Amino acid sequence: MKLHRITAMLWNYYYDTIHSADRLFDVFYWPILDIFIWGFMTYFIQGLSEVRLINVILGGILLWVFIWRASQDIAVYLLENFWTRNVYHLFASPLRTSELAISLFIVGAVRSFVAFIVMAILSYLLYGFKVISFNILHFSLFVLILFLFAWGIGLLISSFIFRWGSRVQVLAWSIIWVIQPFSCVFYPLSALPLWAAKIAVFLPTTHVFEGMRASLQGLAINYQSLAYAFLFSVIFLIISAWVLSLAIKRSKHRGLLAKPE
Amino acid sequence: MNVIEVKNLVKTFPSKNGKVKAIDNISLSIKKGEIFGLLGVNGAGKSTLTNILTGLTLPDSGTIKIFGKDFLIHEEEIKTRSNIATAYYDLNRSLTVRENLIVYAKLYGVQNYQKKIQELTEKFMLTSHLRTPIKFLSSGERTRTVLVKSLLNDPELLFLDECTVGLDPDMAEIVRDYLLQYNKETGCTIVFTSHYMQEVERLCQRIAFLYQGKIIKIGNAQSLLKELNLQRVSLHFSNNIEEAKKLLHRENIPFDENNGILVFWVKNREKILYPLLEKFVKYKIVFDDIHLNKPTLEEYFIKKSRENKR
């Protein structure tokens with residue numbers, strides 16, 4: 001693995017971003033919109049009850065951005081190479097799949113942090129929510145698990161793109177929203193009906209958001225459940241990387257990289 | 001020393017009627033410093049062969065050695081020492097010429113890449129377009145940008161697939177001159193695919209003629225034409241052309257007709273052409289003019305393609 005090739009791809013994404021209003025827009029637009037909608041709604045609900053909801057909801061929105069952006073950006077920046085028909089020259093170059101994947105991880109992570117910082121500032125200005133309410137160690141652990149899982153999802157979508165081309169691009173935007181209702185981002189696991197809870201408990205994201213709520217309320221964290229989430233995410237990432245390498249190999253067998261759609 | 005050694009290469013693709021053999025048991029070696037041409041009609045297997053040699057497509061079977069190393073094992077090293085230009089695929093269309101060249105220079109690990117980009121863009125007259133996104137360039141300018149990209153890493157092996165398509169004649173000549181000079185100065189091996197036969201004839205020391213995934217002939221332009229041993233006969237008529245056509249039919253000589261000119265090929269002047277001309281005199285079929293020409297590589301290409309179709 002060569003650092004200069006990873007750097008080359010990061011420059012490629014940087015140039016893609018500064019030339020594309022879409023790529024600039026989607027770092028800020030939806031996250032900021034979420035802060036307004038959920039923030040205002042929580043203010044309203046809070047008036048109806050004694051429970052202080054705002055921290056829990058905003059904490060959920062802020063952490064969700066890590067899995068959302070990181071998974072989506074991997075697929076979208078890969079798709080960008082298909083849209084611009086750059087795949088042919090990229091794969092004729094010495095770039096390795098692992099270097100491509102790492103560069104995509106980095107771009108997803110950087111954009112997640114940029115969106116997070118903007119949202120954190122906005123949350124403070126609008127609702128007085130301080131990000132420093134998070135325990136820094138807990139926060140780092142949550143973000144790490146979310147990144148690992150998001151990268152796994154991103155690589156899996158990338159495999160589908162290599163296998164079926166840009167016609168499956170809708171997955172890049174949609175898959176993460178299928179996971180969200182079962183991830184208990186805004187409500188506890190106990191709030192779900194039994195059938196949904198059975199799915200939710202399987203997902204690493206559920207354990208992260210349960211941990212986040214405990215951390216924000218000063219309760220004890222269930223490290224065992226976080227260990228499960230971490231292990232699950234690592235294994236999922238490894239499997240996704242393996243599926244991606246198979247998909248690229250299959251694309252090469254079928255000659256699809258030489259005529260990308 | 002052989003830079004490329006291909007043995008028993010086979011590649012099939014799925015099709016509606018089963019499988020199509022795009023590469024049918026090809027064996028080939030290309031020497032260091034050679035400019036090697038790949039010729040063939042559409043679908044002959046030229047692009048598939050180039051794609052396999054650049055790692056974009058995997059073969060079903062066979063071995064490929066480049067720089068004496070197994071391609072599948074040493075792919076990364078081989079790709080670092082080689083490059084490709086094709087008129088069919090642009091670089092990233094959203095990025096400017098300069099940005100694309102920076103990305104690819106870094107991908108190939110080029111030291112002092114700013115200077116290299118400056119030199120090559122000057123050579124290919126792209127300096128005024130450095131800040132222009134690829135999507136706003138003309139097709140010729142895009143082709144030149146891809147060519148510059150292919151030369152950034154001073155490749156020891158260069159694949160050029162129709163790399164002068166879209167260039168105006170002046171620019172195409174500059175590119176051909178540059179490639180010849182580059183080949184002479186660096187000893188770079190070039191694998192050249194083109195539909196312009198004159199270009200192939202001028203640049204390539206050896207040519208492989210592909211048809212339906214097989215190499216039909218391999219050799220230099222002169223030897224291919226010598227092997228053909230044919231002369232093209234053009235007979236110009238202002239009248240009597242129908243009688244002339246009937247006579248050629250009777251003699252079983254295939255011909256083409258174009259604006260009062262009948263064109264056919266003869267292998268042996270004494271045995272075929274002279275007796276034929278005597279018959280023209282005998283049947284009082286008068287023609288205005290006669291031209292005898294040696295075939296060009298283009299005519300060889302067309303003839304071989306037709307023979308193989310039959």
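The values are calculated or read from the model by the stated rules, or taken from the named source; none is laboratory data. All of these numbers come straight from a predicted model, not from anything done at the bench. Glycine gets a Cβ as well: all are built from the backbone with ideal geometry, and neighbour counts include every protein chain shown. All accessible areas refer to the heavy atoms of the entire protein, side chains included, with ligands and DNA or RNA removed. Shrake-Rupley method; radii C 1.70, N 1.55, O 1.52, S 1.80 Å.
So which residues in segment A:223-261 end up with at least 50 square angstrom less accessible surface once the other protein chains are there, compared with the chain by itself, probe 1.4 angstrom?
Flagged in segment A:223-261: A:Lys252, A:His253, A:Ala258.
Between segment A:154-182 and segment A:197-217, what is the C-alpha centre distance in whole Å?
What the calculation gives is 23 Å, centre to centre.
In nm², what is the average projected area of the convex hull enclosing the Cα atoms of segment B:231-294?
3.9 nm²
Can you give the FRET efficiency to the nearest 0.05 for A:Ile238 and A:Leu144, using r as the Cβ-Cβ distance and R₀ = 22 Å?
Result of the calculation: an efficiency of 0.90.
With r as the distance between the Cβ atoms of A:Val118 and B:His74 and R0 = 51 Å, compute the FRET efficiency 1/(1 + (r/R0)^6) and round to 0.05.
Efficiency at R0 = 51 Å is approximately 0.65.
Which angle from 0 to 90°, rounded to the nearest 10, does the C-alpha axis of helix A:97-127 make with the longest principal axis of chain A?
30 degrees
Quick one: which of B:Lys32/B:Lys149; A:Lys259/B:Lys79; B:Lys19/B:Lys135 span more than 25 angstrom between C-alpha atoms?
Long pairs (Cα-Cα over 25 Å): B:Lys19/B:Lys135.
Which order do A:Val118, A:Val170 take when ranked by solvent-accessible area (1.4 Å probe, heavy atoms of all protein chains), largest first?
Values: A:Val118 45, A:Val170 95 Å².
Ranking A:Val118, A:Val170 by accessible area, largest first, yields A:Val170, A:Val118.
Length gain on complete extension for the stretch B:Arg206 to B:Ser128, per 0.36 nm per residue less the alpha carbon to alpha carbon distance?
Gain on stretching B:Arg206 to B:Ser128: 24.4 nm.
Before rounding to the nearest 500, sum -39500 (n - 2.57) across all DSSP H runs of length at least 4 in chain B and divide by the residue total; then give [θ] at 222 nm in deg cm²/dmol.
Estimated from H runs of four or more residues: -11000 deg cm²/dmol.
Divide by every residue of chain A the summed helix terms, -39500 (n - 2.57) for each DSSP H run of at least 4, and state the resulting mean residue ellipticity at 222 nm, rounded to the nearest 500 deg cm²/dmol. Before the final figure, lay out the partial values.
Numbers: 10 runs with 203 residues, N = 261.
About -27000 deg cm²/dmol.
Could you tell me the total accessible area buried at the B-A interface, probe 1.4 Å, in square angstrom to the nearest hundred? If you can, show how the numbers build up before the last one.
Working: alone 16410 and 13010 Å², together 26240 Å².
Chains B and A together bury approximately 3200 Å².
Please give the average number of partner chain Cβ atoms lying within 10 Å of the Cβ of each residue in B:51-61, rounded to a whole number.
Numbers: counts 8, 3, 1, 7, 6, 13, 10, 8, 2, 1, 0.
Per-residue shielding by partner chains comes out at 5.
Other chains' Cβ within 10 Å of A:3-15 residues: what's the mean? Numbers along the way, then the final one.
Details: counts 2, 7, 6, 2, 3, 8, 3, 2, 7, 10, 1, 3, 10.
If you average over the peptide's residues, the count of other-chain Cβ atoms is 5.
May I ask you to order A:13-24, B:207-218 by the average number of other C-beta atoms within 10 Å around their residues, highest value first? Intermediate values should be presented prior to the final figure.
On the way: A:13-24: 16.2, B:207-218: 19.7.
The most tightly packed comes first, giving B:207-218, A:13-24.
Taking a ≥ b ≥ c as the square roots of the eigenvalues of the Cα gyration tensor of chain B, is the shape rounded (a/c under 1.5), prolate (a/b larger than b/c) or oblate?
Working: a/c = 2.57, a/b = 1.86, b/c = 1.38.
Prolate, since a/c reaches 1.5 and a/b exceeds b/c.
Residues of segment A:77-96 that become at least 40 Å² less accessible with every protein chain present than in their own chain isolated, using 1.4 Å: which are they?
Relative to the lone chain, where solvent access is computed with a 1.4 Å probe, segment A:77-96 loses at least 40 Å² at A:Thr84, A:Arg85, A:Asn86, A:Tyr88, A:His89, A:Ala92, A:Ser93, A:Pro94.
Over segment B:231-294, calculate the relative contact order: mean separation of alpha carbon pairs under 8 Å at least 6 apart, over the residue count, as a percent.
56 percent
Tell me the label-point distance for the pair A:Ala227, B:Leu277, using the 7 Å Cα-to-Cβ offset, in nm and rounded to one decimal.
10.0 nm
Just by accessible area at a 1.4 angstrom probe, what is the order of A:Arg213, B:Arg250 from largest to smallest?
Largest accessible area first, the residues go B:Arg250, A:Arg213.
With a 1.4 Å probe and all protein chains left in place, how much accessible area per residue does segment A:3-258 have, in Å²?
43 Å²
For chain A, take the convex hull of the Cα atoms, compute a quarter of its surface area, and give me that in nm², please.
It is 14.6 nm².
Say the dipole of segment B:1-151 comes from +1 at the beta carbon of Lys and Arg and -1 at that of Asp and Glu; which of B:Ser27, B:Pro14, B:Tyr104 then lies farthest toward its positive end?
Of the candidates, B:Tyr104 comes out farthest on the positive side.
Ignore the peptide's own chain and count Cβ atoms of other chains within 10 Å of each Cβ in B:84-95; give me the average, rounded.
Partner-chain Cβ atoms within 10 Å, mean over residues of B:84-95: 6.
Compute the normalised compactness of the protein assembly as shown: alpha-carbon radius of gyration over 2.2 N^0.38 Å, N being the residue count. It would help to have the intermediate numbers written out before the result.
Values: Rg = 32.0 Å, N = 571, 2.2 N^0.38 = 24.5 Å.
The reported ratio for this selection is 1.30.
Let's see if you can work this out: charge +1 on each Lys and Arg Cβ, -1 on each Asp and Glu Cβ, no other charges. What is the dipole magnitude of chain B about its Cα centre, in debye to the nearest 20?
780 debye
Using Cα atoms only, what is the angle between the long axis of helix A:170-179 and the major principal axis of chain A, expressed in degrees (0 to 90) to the nearest 10?
30 degrees
Considering only DSSP beta bridges with both partners in the protein assembly as shown, what is the antiparallel share in %, to the nearest 5?
Numbers: 39 of 57 bridges.
So the antiparallel bridges amount to about 70 percent of the total.
Kindly express, to the nearest 10 degrees and within the range 0 to 90, the angle between helix A:54-83's C-alpha long axis and the longest C-alpha principal axis of chain A.
Its long axis makes an angle of about 10 degrees.
Tell me which of A:Ala220, A:Ile74, A:Ser123 sits at the most positive position along the dipole axis of segment A:3-258, charges placed on C-beta atoms (Lys, Arg +1; Asp, Glu -1).
So the residue we want is A:Ile74.
Does any residue of segment B:105-122 lose at least 40 Å² of accessible area with all protein chains in place compared with its chain alone, and if so which ones (probe 1.4 Å)?
In segment B:105-122, residues shielded by partner chains: B:Lys106, B:Leu107, B:Tyr108.
Could you give the distance between the Cα centres of segment B:78-102 and segment A:127-145, to the whole Å?
What the calculation gives is 42 Å, centre to centre.
Count charges around B:Val110 for me, please; just the other residues with Cβ under 10 Å from its Cβ, Lys/Arg as +1, Asp/Glu as -1.
+2
Suppose a student asked you for the relative contact order of chain B, using Cα pairs under 8 Å spaced at least 6 residues apart; what percent would you report? Don't skip to the end; give the middle numbers.
On the way: 527 pairs, mean separation 63.4, N = 310.
Relative contact order for chain B comes out at 20 percent.
Take the residue pairs B:Lys31/B:Lys116; B:Lys46/B:Lys245; B:Lys217/B:Lys284 and return only those whose Cα atoms are more than 32 Å apart. Can you show the working numbers first?
Details: B:Lys31/B:Lys116 27 Å; B:Lys46/B:Lys245 37 Å; B:Lys217/B:Lys284 42 Å.
Beyond 32 Å: B:Lys46/B:Lys245; B:Lys217/B:Lys284.
What part of the accessible area of the protein assembly as shown, given as a whole %, is carbon or sulfur when the probe is 1.4 angstrom? Write out the running numbers ahead of the final one.
On the way: 15340 of 26240 Å².
Carbon plus sulfur share of accessible area: 58 percent.
Given a 1.4 Å probe, how much area per residue of segment B:59-217 is accessible, in Å²?
Result: 40 Å² per residue.
For the ranges B:257-263, A:227-233, what's the packing order if you count other beta-carbon atoms within 10 Å of each residue, average per peptide, and put the highest first?
A:227-233, B:257-263
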